[in-house]
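What follows draws every value from the coordinates through simple rules; no lab data is involved. All of these numbers come straight from a predicted model, not from anything done at the bench. With ideal geometry, Cβ positions are generated from the backbone for all residues, glycine too; neighbour counts draw on all protein chains shown.
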Amino acid sequence: MADYYPYIKHLHVICVAISIMLFLLRSMWTFQDSLMLASPWARSVPHYVDTTLLVAAIFLTTIIHQYPLQASWLTAKVGGLLAHILFGLLFFHYKGSWAVRKVALALSLLAFAYIVAVALTRNPFLFG
Ligand code: HEM
């Protein structure tokens, strides 16, 4: 395996930590209807972090020669990522009922926790 694999994995994991912190911060600002949400850095930095997270993920998959649709745990991670993004979009942008938005936020966070659990176990079912 490539010598630099641990560095890319660290980069991936650091981006994961920053990504969820920024997500939680933006969620808090959404509840407070804060003007901070419209600040240039709040609109751009999360995209830079998430792009770096995904580019690092692509490097990792090519180093270990395991890919989504071929390795079930990576397919599960991509599925979880899509759920995290879609429910997140619903929470941040849907202008209807708060009950719906809160459920969307909970499901988006659950999807994120699932991705981390799959990453740690390399098992889409998490155990067994
Ligand atoms: C928000 C999305 C993601 C989160 C929260 C996440 C989380 C993590 C975490 C916590 C680890 C470290 C596991 C460990 O310490 O052993 C990890 C490793 C890894 N992730 Fe992700 N990941 C995400 C997206 C992706 C995607 C989309 C892919 C590829 C399709 C991917 C591929 C990998 C690979 C190959 C590893 C290394 C596994 C190992 O060496 O054991 N990740 N991920």
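Miscellaneous remarks
- When Rg and the Kirkwood Rh are both derived from Cα coordinates, the Rg/Rh ratio for the chain amounts to 1.01.
- For the pair Ala42 and Ala106 in one chain, pulling the backbone fully straight at 0.36 nm per residue adds 20.9 nm over the alpha carbon distance.
- Test item: Cα-centred dipole of the chain, Lys/Arg +1 and Asp/Glu -1 on Cβ, debye: 240 debye
- Mean projected area (nm²) of the alpha-carbon convex hull when region 1-65 is viewed from all directions: 4.4 nm²
- Residues Gln32 and Val55, FRET efficiency given R0 of 35 Å [Cβ-Cβ distance, rounded to 0.05]: 0.65
- A simple spin-label model places the labels of Ile20 and Leu86 2.2 nm from each other, with each point 7 Å out along Cα-to-Cβ.
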